[in-house]
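The structure appears right after this line, and notes come after that.
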Amino acid sequence: MTQKLLAQGAEAKILLEEKNDIIIKDRISKSYRIKQIDDKIRKSRTKSETKLLEKACRIINAPKPLETHEFNKIEMPFIKGKKLSESLDSFPLKEQKEICNKIGQEIAKLHEADIIHGDLTTSNMILTEKNKDEPKIFFIDFGLGYISRKIEDQAVDLHLLKQALEAKHFKNWKELFASVEKGYKNCKEPNKVLERLEAVEKRGRYKH
């Protein structure tokens, strides 16, 4: 089966099986680790991410893992669309803010289900359609995610997104993150998380 390499990071290769439109996340073996330990780590991380995806895809738009018997691989449907990191700035500001409001709503749903994404950037979001109703955004790559109901962890999740917007979409990042916050206020206890976010940012500013 023909596979096309889409991306490769320190932990995994992302492959596209073009004939079946399937994405394969293949956790790379580390030669510096003892094989048994390496296998155990890759198996544990793959299992953990698969469980998060299975939970997340029932709540928001996220790829649903397909059944596979390989301990180090996750197979999932290919999501057709554009990475938000590459497309967000091409929209008028009003539409950018609508998209960010939707992102805030989706993050709120994840946090209410105790899911911390761990790597909230626009590179890990795919915009599949932009119609008159509302944007449809898929969240991908839960490799750094975990389960937690701590306000601190939720605040740090948002802080990562704020930093990503400032770095990648710096022209309007303040307005865009304000739209994320507005959407996030749909969750049960948004103020606690947003107050903690301020504290997280202060720690970052004064720790040097």
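Odds and ends about this structure:
- Over the chain, Cα pairs under 8 Å with separation of 6+ residues give a relative contact order of 18 percent.
- Restricting the range 22-117 to chymotrypsin sites (Phe, Trp or Tyr not before Pro) that sit in a DSSP loop and have at most 10 other Cβ atoms within 10 Å of their own Cβ leaves Y32.
- Qualifying GluC sites (Glu not before Pro) in the range 22-78, DSSP loop, other Cβ atoms within 10 Å at most 15: E67, E70
- In the structure shown, the pairs K82/K162; K30/K168; K55/K109 are assessed against 22 Å; a Cα-Cα span above that value is assigned to K30/K168.
- In this structure, the residue pairs whose Cα-Cα separation is over 20 Å, taken from K13/K47; K19/K43; K150/K188, are K19/K43.
- Whole-Hz Karplus values for the range 159-164 come out as 4, 4, 5, 4, 4, 5 Hz, taken residue by residue from phi with 6.51 cos²θ - 1.76 cosθ + 1.60 and θ = phi - 60°; glycine and proline positions read x.
- Along principal axes, Cα extents of the range 3-77, largest first, whole Å: 37, 27, 21
- Direction-averaged projected area, Cα convex hull, the range 82-206: 7.3 nm², rounded to one decimal.
- Between E201 and K30, the contour length at 0.36 nm per residue exceeds the Cα-Cα span by 58.1 nm.
- Simple label model, 7 Å out from Cα along Cβ direction - I37 to Q3, nm: 2.6 nm
- In the range 14-125, one over the average inverse separation of all distinct C-alpha pairs is 16.0 Å, which is the Kirkwood hydrodynamic radius.
- Additional length obtainable on full extension of the chain from R149 to K47, 0.36 nm per residue less Cα span: 34.7 nm
Only the coordinates and a few stated rules stand behind these numbers; no lab work does. Computed from a predicted structure; not experimentally measured. With ideal geometry, Cβ positions are generated from the backbone for all residues, glycine too; neighbour counts draw on all protein chains shown.
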